[in-house]
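Presented below is the structure to which this report refers.
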Amino acid sequence: MAERATGLGLVNRRGVAAKEKFGTIVEDAPNINISGSGAGSTPTSSGDGSVANGEPGTFGYKIQEFDSASSLGSLADRVAEFVTPERTPEKTPHRAVGLLFWACTAELWRRLLGWYFLPFGLYFASLVHPAFSPSAHRTQRGQHASQVGLVVMIYAFLLSALLVYPNYFLFCAHPWIRAVFIGYISWYVFVDYATPESGKRFLPWTRRLPFWNKLADYFPVRLHKSCDLDPAGNYLFGYHPHGIIGVGALITFATNATGFEQAFPGLDLRLLTLAINFMFPFTREVLMALGINSVTRASVQRNLTRAPGASVAIVVGGAAEALDARPGWAVLTLARRKGFVKMALKTGASLVPVFAFGENDIFEQMDNPEGSPLRRFQLWMKQLIGVTPPAFYGRSLSGGVLRRMFRSGKGPMPKRESIEVVVGHPIPCPKIAEPTLRQIDEYHALYLSSLKELYDTHRRLFHKLKRAGSHDDLHARMSKMKEIKFS
């Protein structure tokens, strides 16, 4: 059987595999993969993603014994600590506000599409109804249905923000409302354009809304920290890999569903994303309320120097890395990306590597090798608008329309694969007004080394927890792994 590379690969900015790689080569072990899941892996949980029996949001690796025969015994004192989130319970006012919002949004859809919207609206209501049911949490089936409904609502909000809200207020609303809407767009384009770089308009309570907990439990997404962080320091968190959408980054750094506030009290963090996301009306206000800012140089510098504890999280691989996001693989666009290191040196912020095991596992992607027509189109779109459109798919609902009509398990819903977000140790950086290329390369190399150590330390653990197979089988596979050398 041909060798399969499953280590951390570094690719350059153009997406071409660089010669510099690190990780492992697995021979004759097709089920071993970087994130611990794949075609041959079976979660030990029964739906909500928890490894041990318990409530959603819990994690059970601390109660499992480390097996020295599978090379895990030496890692017992090095693995990151699971963070137990403190969650806000869902109450009737939360459900009432949610129902009112979706009732208004459905009415806007109806005014645009007429009664053609009726069958779609009824189907949407049937899917999201469990998310508003007070009794849904009483059974595991109800919890799953509630989580699915929340994901459907996320998709519906994105479609509404892109298509329905702008078109309704521009073409269907009362002339006075239309004038106000046009004035709002003019205001943020010509007056308020710099706010997404300032860290302002952050509303901390939006990160604690109960529906984020359901979204996190769908996969689930869980947080693990290697050490405490000084709340007086400034930190630049580098998140890897990007995945198709960066779900783990959103839930970890823009909500408190995984317990980031409890894990690192005193940090005032902003998750940074592409500036184009702040060109859409209303959506930009939601993003800033969640503490999401644009990923420009000015934004990084301002958000790292606002105050003690001011920090940022950046998905370093960006849109280019999304093109290589596939289950079981983690090809990182990192070898030539050094701008984030330069900004850390200019501001004196510590670099903190973060690796999300499972981020690439929640969606499949059509084959797009270098030079293929699909890849060329994706790269052309990236140059044109700064965003790459990955041709991805996930799963269909077990009782959904797609599965019943086409007898296919493929669909737009993300797979229920756990995303284990592991925060590594900080790398202190001196504050240098104009760092030299040599200094940037030095700290970039330190960052790569720390990221590799973080990955090597935890991949075996999460691989074990995601498998229901025997330890002997795992040990046999691990014994065939060989370290790859730098070339």
Report summary line: Rounded to a whole number, the Stokes-Einstein D of region 293-407 in µm²/s (Kirkwood radius over Cα pairs; 37 °C; 0.692 mPa s) is 194
Report task. Give me the number: length gained by fully extending I276 to A298, i.e. 0.36 nm times residue separation minus the C-alpha to C-alpha distance, one decimal in nm. Result -> 6.4 nm
Report task. Take the Cα gyration tensor of region 271-348, multiply each eigenvalue by 5, square-root it, and list the three semi-axes largest first, rounded to whole angstrom. Result -> 23, 19, 10
Requested in this report: Take region 143-241, compute every pairwise Cα distance, and split them into 5 Å bins from 0; I just need the percent in each bin.
Outcome: 2, 9, 10, 13, 17, 17, 13, 10, 6, 3, 1, 0
Report task. Using only the C-alpha atoms of region 349-448, find the volume of their convex hull and express it per residue in Å³. Result -> 174
Report task. Averaging sequence separations of C-alpha pairs under 8 Å and six or more residues apart, then dividing by the length of region 121-232, give the relative contact order as a whole percent. Result -> 23
Query raised in the report: Any idea what the relative contact order of region 89-172 is, in percent, if you count C-alpha pairs under 8 Å spaced at least 6 apart?
Result: 28
Report summary line: Once normalised by the length of region 177-292, the mean sequence separation of its alpha carbon contacts under 8 Å that are 6 or more apart gives a contact order in percent of 39
**Report entry** Extended-chain gain in nm, criterion 0.36 nm per residue less alpha-carbon gap, S135 and V180
**Finding:** 12.1 nm
Query - Globularity ratio of region 89-172, using Cα Rg and 2.2 N^0.38 Å - result: 1.17
Report task. With no solvent and one equal point scatterer placed on each C-alpha of region 199-358, evaluate the Debye formula and give log10 I(q)/I(0) for q = 0.08, 0.12, 0.13, 0.16 Å⁻¹, two decimals. Result -> -0.21, -0.49, -0.58, -0.92
Query raised in the report: What is the distance in Å between the Cα centres of region 298-343 and region 147-181?
Result: 30
Query - Within region 143-167, backbone nitrogen closer than 19 Å to the virtual label 7 Å beyond the Cα of F120 toward Cβ - result: 149-167
Report summary line: Pairs over 31 Å Cα to Cα, from K338/K410; K214/K342; K200/K452; K225/K346, come to K338/K410; K214/K342; K200/K452
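Since every read-out is calculated from the coordinates, none of them should be taken as a lab result. Predicted model, so just to flag it, every value in this text is computed and none were measured. For neighbour counting, all protein chains shown are included, and Cβ atoms are generated from backbone atoms with ideal geometry for every residue, glycine included.
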